[in-house]
Structures are given as structure tokens and as C-alpha cells.
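The values are calculated or read from the model by the stated rules, or taken from the named source; none is laboratory data. Bear in mind the structure is a predicted one, so any value in this text is a computation, not a measurement. Here the Cβ is made from the backbone with ideal geometry for all residues, glycine too, and neighbour counts use every protein chain on show.
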Amino acid sequence: MNKNYDYVLVGAGFYCSIIAERIANDLGKKVLIVEKRNHIGGNCFSETNIETGIEFHKYGTHIFHTSNKKVWEYISNFTTFNSYYHQVLITYNSKVYQMPINLETINSFYNINLKPFEVDDFLEQEFKKESYTNPKNFEEQAINIIGRPLYDAFIKGYTIKQWGRDPKDLPASIIKRLPFRKNYSESYFFDTYQGIPTDGFTAIFDKLLASNNIDIQLNTDFFEIKEQLNSSATIIYSGSIDRLLDYRFGELDYRTLDFEFEVVNYEDFQGTSVMNYGNQKIPYTRIHEPKHLHPERTYNLDKTLIIKEYSKEANREEPYYPIGGEVNKSLYTKYLKEVKKVYPNLIIGGRLGDYKYYDMHHVIENALDTYNNLIKKGC
Ligand code: UDP
């Protein structure tokens, strides 16, 4: 049966689901999706907690955001979005601050009352004590942006927990994801479009994969069925590249996450969807409270679901975050060259496949580009 497909997609996250949707509906061809987990949606999967009826994101809070009109228009064919606007808070030494660091965070942390135009001069005093001409790593880059005291409070402990490494051994690029504001803006993202899918993320995947041209095999490991496939089938693979070649050159570094779910007897536990924890001695990085992701829904409950997030080394299980850095990058390049030799009909992509710290909108854009530039043109 597996021999009948000209296109086999590995993984049912955004990358493969979008390519499958395009092949099925635009090219009108049949595809097979092979997914190891027991559900579609990849790490964006959402479901309902039975005890409370609260919809939650099983693999951590996902906020859709983009400034890319093409991506927005495409995804809007499959969902509407609510008006949720992402704001994050961080607890440090039992006090709550705004995150990303903005003027409120600075004033509250230093117990001062700066105006926006005074921030640069104020931080200049910190930079005189410590700054780096050519920041070589995460720590130096972060100190160059906010100075040592804010870094120590809000970034260092969280980052050590998140990445399990000394921030001096992490690439500077990671901190560039995090905005720094000299005004009172509390928005985590500055994108033109953002929100949570009105019916949750999984409903998007149900629609993306609704065509009769799409067959899905859940609970199926690609490596166990690959010999049964048509040898000329195009494989679109969104798993990790080192796994694809059975780790022959060694393992790339990834972090994975553990989640601890708990229903607590409060109508509202923390007053916001995501609370980060800056202190290293608190073992989790953040607590999610998914009730707040859908302000348009009425839950009418004196209970709420909370989810504690812990980060750990992936060791071949469920990689989430590519760690990056020069050593990993060159290992990735070595793998990519080999993949082209071993699997001439294979297209690789997505956060794991490209080994890049993508957001959802990047993955959607890449999937559309892969379809339009490679698959549709028959490359
Ligand atoms: N970060 C931090 N403190 C915070 C939030 C983020 O130090 O309160 C750092 C941390 O190293 C993290 C990076 O900034 O990995 C990127 O944060 P982002 O919110 O983009 O992480 P994600 O939501 O993708 O896990």
C-alpha cells in the first residue's frame, strides 16, 4: 500500500502539513504523511483538558505572529484568530517584572523613574563597567544590550535553565530573538498580525489535512516503513537530520522540554498566560496558564490548568530546540552533503530538518517556498 505514493511526508507539523495541503489541493496528487506521534500538529498540537474544558498547547504556549502578508493570507484560509496579544512577565526574587525588558522593568528593578530619552545615558554607566567591542557569545551580546545587573537578574538564570549551558558557550544569535524596549510597550512581538487560532491549533491541521488525497499514518516511525516505499517517491522530511543518517557523524545538540500539568483550585492562578522564572534555583523556566490565551471564551470555573515547563538535554528523545553554534553548524553541513548523496529524492526542512530556531511563521513561509519553487516545478 505504501508503494502507491509519489510523495511521502515525514512529520505532521506545519512544514509537512502545508506541503501536503498544496500537493493535494493544488497539484491534485496523493500523498502519505507518516507521523511517529499519535496526533497531527507537531509541537503546535492543542487539545482540551478533560477536567476543566480548557484548551492547552501540549508542547508549550504557541502564539502565532507574523509580519509576512503572504503567510498571514495563506494561514487565514484555515482559521480565524482571536485578539490575544502576547505579554510575558518574569518573577525574579519573588517580585514580578515585565518581559521583554522595557522601561517599566528597568525603573522597577533599579527603583528609579527614567524617561525613555534617559535610558541610553543610564545604561552607559553600566557599559563603562563592562562591555565588549566584538561580542563573541550570548553573555557578551546580552551585556552589551542591557548591562550586567539586568542580565544577571532576567537573562542569566533563565538561560542556564533553558539551555543547560554557560551563556558564554551559547551563540549570540539567541538573545537577538528577545526584544529590548526603552518605552513602556509590553508587547512580546511587534508583528503586524498575531493571535491564537479561534478554534485552537489542531483545528488548523484538521483543515490543512482534510483532502481525500492525503493519507495519514499516525504512530508510525518512518525508519520502520521506508523500505516499503516506492523507490522513486519524493520524500519530504521534517525530522532531525542526524537521525536520518543514523547519527553516523555524531549527534547534533538539541534541548527538549518536560511539562508538568496540574489543575489548581483558583479561578486565576497567575493572571497571565506565561510567567517566566529568572532565578536559577527555581527548577522550571516558566509556568503556562492556557486559560488566558482565549479571552473571548468563558470558562466559568473556579479551577485552572497550569503547566510547568522544564528544559533538558534531548539525548535522542523529542528534540525541540536546535542549540546552534559553529560546531553544530559545521556538523549539520556535513550531514546535509551526505543526505544529498544517500537520499537524492529527499527534501528536508522545518525547525529540526534545517536545524534552525524558527518560529511558526518562518516554517510556514519555508513550506510555501519549498512547494512553489521545488515541488510544483517538479525539481
Ligand atoms: N530569555 C531569558 N529570559 C526570559 C526570556 C527569554 O533569558 O525571561 C532568553 C533565553 O535564553 C531564551 C531566549 O531569550 O532562550 C529566547 O527567548 P524566547 O522567548 O524567544 O524563547 P522561546 O519562547 O522560543 O522558548
Residue 70 passes all but one of the listed conditions (1) of a type in the set (D, E, K, R); (2) more than 19 Å from residue 361 (Cα to Cα); (3) surrounded by fewer than 17 Cβ atoms within 10 Å (Cβ to Cβ); the exception is number (2)
| message | Would you confirm whether or not segment 123-136 contains a residue that is small (Gly, Ala, Ser) and within 16 Å of the ligand (Cβ to nearest atom)? | response | no
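Conditions tested, residue by residue: (1) within 16 Å of the ligand (Cβ to nearest atom); (2) closer than 14 Å to residue 202 by Cβ; (3) polar (S, T, N, Q).
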{"residue": "20", "(1), (2), (3)": "no, no, no"}
{"residue": "25", "(1), (2), (3)": "no, no, yes"}
{"residue": "38", "(1), (2), (3)": "no, yes, yes"}
{"residue": "42", "(1), (2), (3)": "yes, yes, no"}
{"residue": "52", "(1), (2), (3)": "no, no, yes"}
{"residue": "66", "(1), (2), (3)": "yes, no, yes"}
{"residue": "74", "(1), (2), (3)": "no, no, no"}
{"residue": "77", "(1), (2), (3)": "no, no, yes"}
Within segment 255-284, the residues that are among the aliphatic types (A, V, I, L, M) and not in a loop (DSSP other than H, G, I, E, B) are 257, 263, 264, 274, 275
For helices (runs of 4 or more DSSP H) lying entirely in segment 316-379, having 1 or more residues that are more than 16 Å from the ligand (Cβ to nearest atom) and basic (Lys, Arg) picks out 326-342
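Report yes if some residue within segment 197-209 is over 22 Å from the mean Cα position of the chain (by Cα), acidic (Asp, Glu) and outside any helix (DSSP H, G or I); otherwise report no.
No, the conditions are met nowhere in segment 197-209.
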Over segment 22-51, the set of residues more than 20 Å from residue 366 (Cβ to Cβ) and of a type in the set (Lys, Arg) is 29, 30, 36, 37
Of the residues in segment 290-330 that are touching a Leu at 6+ places or on another chain (Cβ under 6 Å) and surrounded by fewer than 19 Cβ atoms within 10 Å (Cβ to Cβ), the one that is modelled with the highest pLDDT is 328
Sole miss for residue 263 among (1) surrounded by fewer than 17 Cβ atoms within 10 Å (Cβ to Cβ); (2) within 17 Å of residue 319 (Cβ to Cβ) is condition (2)
Tell me, please, whether a residue that is closer than 25 Å to residue 365 by Cα and in a loop (DSSP other than H, G, I, E, B) can be found in segment 136-146. no
Of the residues in segment 148-163, those that are surrounded by 20 or more Cβ atoms within 10 Å (Cβ to Cβ), more than 8 Å from the ligand (Cβ to nearest atom) and among the aliphatic types (A, V, I, L, M) number 2
Restricting attention to segment 85-119, the residues that are farther than 16 Å from residue 153 by Cβ, surrounded by fewer than 19 Cβ atoms within 10 Å (Cβ to Cβ) and within 16 Å of the ligand (Cβ to nearest atom) number exactly 2
Checked pairs for segment 154-180, first on the phi > 0 side of the Ramachandran plot and among the acidic types (Asp, Glu), second at pLDDT 95 or above and part of a helix (DSSP H, G or I), C-beta under 7 Å and 6 or more apart or across chains, list as none
